[in-house]
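All remarks here apply to the structure that follows.
None of the figures in this text is laboratory data; all of them are computed from the coordinates on show. What you see is a predicted model, and the numbers here were worked out from it, not measured in a lab. Please note: Cβ atoms are built from the backbone with ideal geometry, for glycine as well, and neighbour counts cover all protein chains shown.
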Amino acid sequence: MTKKLTNIYLIPYALWIGLFVLAPLAMVLYYSFFTIQGHFSFVNYLRFFTPIYLKMAVSSIGYAFLITLFTLLIAYPTAYLLTRLKNRRLWLLLIILPTWINVLLKAYAFIGLLGTYGLANSLAALIGIGRQQILFTGFSFVFVSVYLFIPFMILPIYNSLEKLNSSYVDAAHDLGASAGATFRRVIFPLTLEGVKSGCQAVFIPALSLFMLTRLIAGNRVITLGTAIEEHFLVTQDWGMGATIAVFLILAMVIVMALMGKGGLKRW
Amino acid sequence: MAEKMMIQFDHVTKKFDGETILRDISFDIERGKFYTLLGPSGCGKTTILRLIAGFLEPTEGTLTFDGQLVNKIPPNKRQVNTVFQDYALFPHLNVFENVAFGLRINKLASKEIAPRVKEALHFVNLDGYQNREISDLSGGQKQRVAIARAIVNRPQVLLLDEPLSALDLKLRTAMQFELRQLQRRLGITFIFVTHDQEEALAMSDEIFVLNQGKIEQSGSPRSIYDEPINRFVADFIGESNIIPGKMPQDRVVSFAGKTFNCVDQGFNKNESVEVVIRPEDLELKQRGEGLLQVRVESQLFRGVHYEIIGKDEAGNSWMIHSTKSAKINDEIGLYFEPEAIHIMRHGESEEDFDRRLESYEGADHD
């Protein structure tokens with residue numbers, strides 16, 4: 001009886017997984033074996049290993065890595081500071097709030113800010129640096145991506161810092177550790193789980209960013225995400241697009257494996 | 001004497017957000033003794049410990065180690081180690097690395113670290129536990145690792161913040177004995193915080209009884225138990241019968257409508273006082289015998305003894321601990337020696353109290 005009931009409760013979840021996770025995955029895999037003419041072939045996979053796609057893959061991974069690194073460098077100290085503040089819930093809300101705004105809106109806002117006649121350049125002109133090309137560069141791409149991902153990095157790190165028993169820090173000080181040594185030997189290792197899940201939450205989406213590459217990077221940065229979009233919408237080569245998607249999925253699986261069970265396990 | 005003095009609190013006051021936790025506290029800690037800070041929760045005992053450890057700074061007053069002002073010295077620069085109430089063992093390190101933590105911080109060579117860790121674990125009877133994970137240890141074992149982690153650094157002073165409170169009764173009693181042994185073997189100062197008076201009496205050389213941010217009384221377990229300074233201490237340390245009385249003259253006290261001989265001196269004529277008699281100092285006698293007649297109201301079997309509550313003719317309640325049982329509603333006699341009576345003056349300061357006791361006890365008192 002109870003088992004039957006549990007099975008009934010499982011139905012919505014099973015439907016969701018089946019329709020929106022497994023079926024699309026199977027379709028992506030299926031399409032990846034067909035050429036643009038509709039012939040079954042492995043040619044797409046061979047094409048992926050040509051310099052043009054490999055370069056894209058390397059650039060995607062490189063940018064995703066940079067974005068994750070800078071996000072972490074900003075998010076960890078911020079999360080640490082947050083745990084020391086008085087109105088933590090309010091500050092946390094202020095950090096989460098921007099994630100409720102559509103990414104496209106935020107991207108357009110940055111176009112306004114970073115454009116040739118935007119606020120950033122006006123300030124640069126004012127202090128005598130002169131107007132620069134900020135928009136449509138690799139820098140602007142990383143900058144805006146980091147901005148977008150920061151909340152997703154802060155939250156898991158903040159949670160693990162919150163859970164960190166303050167007596168561990170006291171004990172480290174008591175045993176002679178300076179503030180730096182305490183951080184290296186106690187605080188950071190004990191919040192590593194949060195860092196790992198934060199890195200996953202940033203690296204994986206960063207790998208497949210495509211809207212920003214067009215709007216902010218002006219197609220100067222071509223990632224695998226951009227390539228997939230091009231193939232599906234412009235060249236109509238669904239097979240090749242699906243093949244790239246298969247490699248993206250593989251990359252994500254590898255990242256998750258490398259990061260351990262960080263995203264799932266909390267001690 | 002001055003050489004043995006190592007930690008000195010001089011008129012220390014500590015406030016948090018305008019609330020006073022410690023009020024103008026002064027005391028000395030000597031080298032190589034076992035001290036206990038005893039008091040109910042919120043009395044400020046843990047605050048004193050955190051001041052010594054360096055986690056807190058006095059709001060007023062000075063704290064000196066060996067004559068050196070340490071008010072602003074951070075905990076990592078003090079020759080003091082703490083055993084925390086929740087042990088605070090690092091969960092990402094195994095037993096060996098937990099114990100080695102302080103040595104690694106001090107950049108000791110690995111060659112020296114291993115024997116020191118082994119020795120510390122041996123001291124707490126945990127030989128062969130080096131490679132265990134913290135999560136695999138029992139409460140008592142964690143407790144020992146926490147002690148080993150502290151003593152491996154060879155501190156001058158070991159601070160223990162209610163370290164036994166999480167253990168069950170049997171283990172707690174065993175650990176009390178072990179801690180006392182350990183302190184003797186190491187010969188360093190232990191400062192132990194607890195709210196458990198039995199623990200304090202069993203282990204300490206000297207007890208500080210704290211209440212509401214003030215030291216009510218300090219002294220050896222015997223002197224505090226036998227001669228509490230006031231109602232709070234008499235009540236907090238053990239069970240007490242506290243009865244209002246008068247001192248017609250020195251060595252004579254009247255209470256419950258009768259007059260008794262006692263050994264206390266230094267009072268004004270007919271001064272009203274409080275009389276303390278411990279329940280175990282009251283002896284059960286037949287009706288009509290003894291010094292006082294009481295009617296038994298209730299009786300509890302406590303294992304080691306019976307706890308009998310009776311009422312005398314003047315209406316005072318008396319608690320009696322006796323291995324003999326009584327019958328409820330029976331009239332019984334109570335007998336006690338003059339030495340069993342302890343007289344407390346209202347509002348007497350600790351200094352005056354000590355001076356008065358010394359004036360007449362002389363050689364027969366420790």
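Note on the stretch B:240-365: dipole from Cβ charges, positive end direction compared against B:263, B:244, B:326; the farthest Cα belongs to B:326. For the stretch B:216-257, the Stokes-Einstein estimate of translational diffusion at 25 °C and a viscosity of 0.890 mPa s comes to 211 µm²/s, using the Kirkwood hydrodynamic radius over alpha-carbon pairs.
Take each residue of peptide B:88-95, count the partner chain Cβ atoms within 10 Å of its Cβ, and average: the result is 5. Between residue A:27 and residue A:109, the simple label model (points 7 Å from Cα in the Cβ direction) yields a spacing of 3.3 nm. Mean per-residue shielding of peptide B:96-106 is 3, counting Cβ atoms of other chains within 10 Å of each Cβ. Give the separation of the Cα centroids, the stretch B:133-164 to the stretch B:242-285, in Å. So the separation of the two Cα centres works out to 46 Å.
Along the charge dipole of chain A, Cβ charges K/R +1 and D/E -1, which of A:243, A:255, A:225 sits furthest on the positive end? Among A:243, A:255, A:225, the one farthest towards the positive end of the dipole of chain A is A:255. The string of couplings for the stretch A:43-57 from the Karplus curve (6.51, -1.76, 1.60, θ = phi - 60°) is 4, 4, 5, 5, 5, 4, 8, 8, x, 4, 7, 4, 4, 4, 5 Hz, one whole number per residue in order, with x for Gly and Pro.
Here the relative contact order of the stretch B:240-365, from alpha carbon pairs under 8 Å that lie six or more residues apart, stands at 27 percent.
In a reduced charge model with +1 at each Lys and Arg Cβ and -1 at each Asp and Glu Cβ, the stretch B:240-365 shows a dipole moment near 640 debye about its Cα centre. In terms of its alpha-carbon gyration tensor, the stretch B:5-226 comes out prolate; a/c meets the 1.5 threshold, and the first ratio a/b outweighs b/c. Structural descriptor for chain B: relative contact order 15 percent, calculated from alpha carbon pairs under 8 angstrom and at least 6 residues apart. Within chain B, the whole DSSP H helices whose Cα atoms reach 15 Å or more along their own axis and whose mean Kyte-Doolittle score is at least 0.5 are B:95-105.
In this structure, residue A:91 and residue B:287 have a Cβ-Cβ separation that, at R0 = 51 Å, corresponds to a calculated FRET efficiency of about 0.10. Label-to-label distance for residue B:127 and residue B:186 is 2.0 nm, based on points extended 7 Å past Cα in the beta-carbon direction. Count Lys and Arg as plus one, Asp and Glu as minus one, and take only other residues whose Cβ is under 12 Å from that of residue B:188; the net charge is then +4.
Counting neighbouring Cβ atoms within 10 Å and putting the fewest first, the residues B:59, A:68, B:82, B:64 line up as B:59, B:64, A:68, B:82. Take A:26-38, B:210-222 and order them by the average number of nearby Cβ atoms within 10 Å per residue, most first; the result is B:210-222, A:26-38.
Think of it as helices only: each DSSP H run of n ≥ 4 in chain B is worth -39500 (n - 2.57), and spread over all residues that comes to -8000 deg cm²/dmol at 222 nm. Projecting the Cα positions of B:300, B:102, A:71 onto the charge dipole of the protein assembly as shown (unit charges on Cβ atoms of Lys, Arg, Asp and Glu, taken about the Cα centre) puts A:71 furthest along the positive direction. Using modelled backbone amide H atoms (1.01 Å from N, in-plane), which distant-in-sequence or interchain residues come within less than 5 Å of residue B:297's amide H? Those qualifying (amide H under 5 Å, at least 5 residues apart or on another chain) are B:309, B:310, B:311, B:329. Across all directions, the average projected area of the convex hull around the alpha carbons of the stretch B:240-365 is 8.2 nm².
Only helices enter the 222 nm calculation for chain A: every DSSP H run of n ≥ 4 contributes -39,500 (n - 2.57), and dividing by all residues gives -21500 deg cm²/dmol, rounded to 500. Taking every lysine pair in chain A that is 8 or more places apart or spans two chains, those with Cα atoms closer than 25 Å amount to 6.
Classified by the C-alpha gyration tensor, the stretch A:51-259 has an oblate form. Its axis ratio a/c, with a ≥ b ≥ c, is 1.5 or above, and a/b does not exceed b/c. Computed from the alpha carbon positions, the gyration tensor of the protein assembly as shown leads to an equivalent ellipsoid with semi-axes of 73, 29, 24 Å, biggest first.
Springs join every pair of Cα atoms under 10 Å in this Gaussian network model of chain A, and among A:96, A:249, A:127 the largest mean-square fluctuation is at A:127.
The string of couplings for the stretch A:110-123 from the Karplus curve (6.51, -1.76, 1.60, θ = phi - 60°) is 5, 4, x, 6, 9, x, 4, 10, x, 4, 4, 6, 4, 5 Hz, one whole number per residue in order, with x for Gly and Pro. The distance between label points at residue B:20 and residue B:355 comes to 2.3 nm (points 7 Å beyond Cα on the Cα→Cβ vector). In plain terms, the residue of A:100, A:16 with the fewest other Cβ atoms within 10 Å comes first and the most crowded comes last, giving A:100, A:16. By other beta-carbon atoms within 10 Å, ranking B:17, B:10 with the fewest at the front produces B:17, B:10. Placing +1 on the Cβ of every Lys and Arg and -1 on the Cβ of every Asp and Glu, with nothing else charged, gives chain B a dipole about its Cα centre of roughly 1460 debye. In the stretch B:27-73, the inverse of the mean reciprocal separation of distinct Cα atoms equals 11.9 Å; this is its Kirkwood hydrodynamic radius.
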